[in-house]
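Reading through the structure tokens given below for one structure.
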Amino acid sequence: MLIKRPEYLGGVKPSDIISESVYENRRTFLKAAVAAGLVGSALPAGAAQAPAQADLKYTKNKAFGADLKPNRYEEVTSYNNYYEFGTDKSDPAQNSGKFKPQPWTVKVSGEAEVTGDFSYEDILKPHPLEERIYRMRCVEAWSMVIPWVGFPLGDLLKRFKPTSKAKYVAFTTVNRPSEMPGLRYPVLEWPYVEGLRIDEAMNPLAIMAVGVFGKTLPNQNGAPIRLVTPWKYGFKGIKSIVEIRFTEKQPPTSWNRSQAREYGFYANVNPEVDHPRWSQAREQVIGNGLFAARQPTLMFNGYADQVASLYAGMDLRKNY
Ligand SMILES: Nc1nc2c(c(=O)[nH]1)N[C@H]1C(S)=C(S)[C@@H](COP(=O)(O)O)O[C@H]1N2
Ligand SMILES: [Mo]
């Protein structure tokens, strides 16, 4: 079977590809060579076919992104970062065919009155699903527009009645070496962990996503349930969540633990604060093609009206 190279890969110049990991240089070169058409397709024949996604019942929330044009389905589902399945953008789609997102249990622990194990169904039951179209900005200076299906994270967290000591909320990704081939490489300390300050988590923009394009999440996008915080760099959006923990102290986060100078706890999109190795002032819009101008990155990824007050009085150069 011949699998055509997705056309948007042709829009990526070698100089556009910036690694999030010092371990990735050789792969980045290969990927750049593929993108530049120097070598054959990155997708081998017989790549695992992802299972069909199920339809979700949801309403469209027109208050979020009704004016935005989403990326194509193939872009959203085959240009991914999910290092548990490999570090190339095409790896998650290719290597996640064995991953079993059902049945699924989320453990809730820490500073809350209600803790314990909750099935995926328990988690979803009280929450009407809605579609929200969000701009998504990766720390590697590319962006997409994604039509998520989900529900407000704050509505979920309130059900657990966090105590007054719950200053932060920490999330953990599932750790299943038999289904996630990337876990054998120590590119990060596994499992992947992330966290938010509790007021950030309660902000109405933060959602738990269970779908894209009206259907359940493909494995490569973080099935069955993942975080989406569109004012932050993409790495905050932790995938395939198995634990939610309320904490008094700021929890460790994977990229900060790996390279603290480059990735802070807050990870707010900020065109004025460069990454130590590249500028964050502009972004490549995936799907725009080879000659498209990079578009300016917006403060808080364009969501300043909704979230800037969370950081009033903070030095955003220090708290990057
Ligand atoms: N567990 C886990 N979550 C993760 C990542 C990862 O490698 N592992 N990558 C992050 C990064 S860097 C980005 S940009 C987004 C990408 O989400 P998407 O592939 O659904 O667009 O997922 C984030 N969540
Ligand atoms: Mo990212």
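Based on C-alpha pairs under 8 angstrom that are at least 6 apart in sequence, the stretch 16-311 has a relative contact order of 20 percent. A straight Cα-to-Cα reach below 19 Å connects K57 with the lysines K125, K215, residues fewer than 8 places away in its own chain not being considered. Between K215 and R176, what is the FRET efficiency for a Förster distance of 25 Å, r being their Cβ-Cβ separation, to the nearest 0.05? Result of the calculation: an efficiency of 0.65. For W142, the amide hydrogen comes within under 5 Å of the amide hydrogens of Q284, counting only partners 5 or more places away or on other chains and with H modelled in the peptide plane.
Which shape class, rounded, prolate or oblate, goes with the stretch 16-311 when its Cα gyration tensor gives a ≥ b ≥ c as root eigenvalues, a/c under 1.5 marks rounded, and past that a/b bigger than b/c marks prolate? It is rounded, given that a/c, with a ≥ b ≥ c, falls under 1.5. Going by a ≥ b ≥ c, the root eigenvalues of the Cα gyration tensor, does the stretch 130-171 fall in the rounded group (a/c under 1.5), the prolate group (a/b larger than b/c) or the oblate group? Because a/c hits 1.5 or more and a/b fails to exceed b/c, the stretch 130-171 counts as oblate.
Judged by the gyration tensor of its Cα atoms, with axes a ≥ b ≥ c, the stretch 173-270 is oblate; a/c meets the 1.5 cut and b/c is at least as large as a/b.
Working ranking of peptides 133-139, 66-72, 302-308 by packing, defined as the average number of other Cβ atoms within 10 Å per residue, highest first, is 133-139, 302-308, 66-72.
Assuming charge only on the beta carbon of Lys and Arg (+1) and of Asp and Glu (-1), the dipole of the stretch 16-311 about its Cα centre is about 120 debye to the nearest 20.
The protection proxy used here, the mean number of other Cβ atoms lying within 10 Å of each residue, ranks peptides 175-186, 217-228 as follows, highest first: 217-228, 175-186.
Annotation: extensible slack from K318 through K57 equals 89.7 nm (criterion: 0.36 nm per residue apart, minus Cα-Cα distance).
The stretch between E262 and M299 holds 11.5 nm of extra length on full extension. This uses 0.36 nm per residue minus the Cα-Cα distance. As a rough guide to protection, the peptides 197-207, 119-129 ranked by mean Cβ packing within 10 Å, highest first, stand as 197-207, 119-129. Other residues lying with their Cβ under 15 Å from the Cβ of S164 contribute a combined charge of +2, Lys and Arg counting +1, Asp and Glu -1.
Projecting the Cα atoms of N256, W142, V193 onto the charge dipole of the stretch 16-311 (Cβ charges, centred on the Cα centre) puts V193 farthest toward the positive pole. You can think of it this way: the chain between K161 and R184 has 4.6 nm of extra reach, that is 0.36 nm per residue less the Cα-Cα gap.
Divided by 2.2 N^0.38 Å, where N counts the residues, the Cα radius of gyration of the stretch 94-168 comes to 1.40.
Read the figures in this text as sums done on the coordinates, not as results from a lab. Computed from a predicted structure; not experimentally measured. A quick note on method: Cβ atoms are made from the backbone with ideal geometry, for glycine too, and the neighbour counts reach across all protein chains shown.
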